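These notes are about the structure you will find just below.
Please treat every number below as a calculation from the coordinates, not as lab data. On a predicted model such as this, the values are computed, not experimentally measured, just so you know. Quick reminder, even Gly has a Cβ in these numbers, built from the backbone with ideal geometry, and neighbours come from all protein chains shown.
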Amino acid sequence: MDIIPSFDLLDGKLVRLRQGDFEQKTEYDASPLELAQELEAAGIRRLHMVDLDGARSGRPANLHILAEVAARTRLQIDYGGGLRSIPSLKQVWDAGAMLFSVGSVALLAQDEFSAWVEKFGSERFLVGADVRDRQIAVHGWVEQTSVSIFDFLTKMHQMGIRQVSVTDIERDGELSGPALALYRDIVKQFPDIRLVASGGVSSVADLEALNAIGCAGAIVGKAFFEDKIPLQYFRVFSKV
């Protein structure tokens, strides 16, 4: 299982939001490039990069950071935020991303998303699903839908998508532990999907539990930045 640190970028700085709320943010002084290089040296292979400026403006806004990290590390970067057209996807690809991280468009504009998949290939997408009570929320978690996570994943599976990340909104940024029961049910129903868990990861024990369930990866944000999961542990876990 891959540990996947999350770099949330706002105004070119690393931040963490609590439950996606821009009014509840914590800024970190670390340089994205220097931290990425440190993570790579510790055995990390993947990086989740979230362009919060892009999510608000509708176009990628931190491509310079993506390009710098991609050029000076070997990390496999998935990049999300502001990906709303084929030209924006091409910008992100040209800057060095290996995966496109998309969310609401996969649910709300499935014909458009299908065209993206046809052009770039299903293997280039990490589809993110944000859930509350096992139902999908969209538009930055503001709008709650009645669509079941399982119905959504069935549609994605039919489109050839095999890499998904699922975030339990109420656990994001809370260090309250991951939604193990939800992830266990997803892995059971979709055994060939590479599930990346997101939200609530707070300890080494959480990572071990997700690995035991069969998750392919776990996105770690606040727990890493607040040293709940020591960097030296990443080297050990990357061998698991």
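Here's how it looks for residue 7: its modeled amide H is under 5 Å from those of 48, 49, 50, which are all 5 or more places away or on a different chain.
Below 8 Å, C-alpha to C-alpha, sequence gap of six or more: please give me the relative contact order for the chain in percent. Write out the running numbers ahead of the final one.
Working: 472 pairs, mean separation 46.3, N = 240.
Answer for the chain is 19 percent.
Each label point was placed 7 Å from the Cα along the Cα-to-Cβ direction; for residue 185 and residue 28 their separation is 3.2 nm. Derived scalar couplings between HN and Hα for the range 201-211 equal 5, 10, 7, 4, 4, 4, 4, 5, 5, 5, 5 Hz in order, rounded to whole Hz, by the Karplus curve 6.51 cos²θ - 1.76 cosθ + 1.60 (θ = phi - 60°), x for Gly and Pro. For the listed residue pairs 13/228; 90/155; 13/90; 90/228, the alpha carbons are over 29 angstrom apart in 90/228.
One equal scatterer on each Cα of the chain, no solvent, Debye formula: the resulting log10 I(q)/I(0) at q = 0.09, 0.13 Å⁻¹ is -0.33, -0.73. Of all DSSP-defined beta bridges confined to the chain, some 30% are antiparallel rather than parallel.
Close amide H partners of residue 194, meaning residues 5 or more places away or on another chain with modelled amide H under 5 Å apart, are 163, 164. Calculated [222 nm] ellipticity per residue, helices only, for the chain: -10500 deg cm²/dmol; basis is -39500 (n - 2.57) per DSSP H run with n ≥ 4, divided by all residues, nearest 500.
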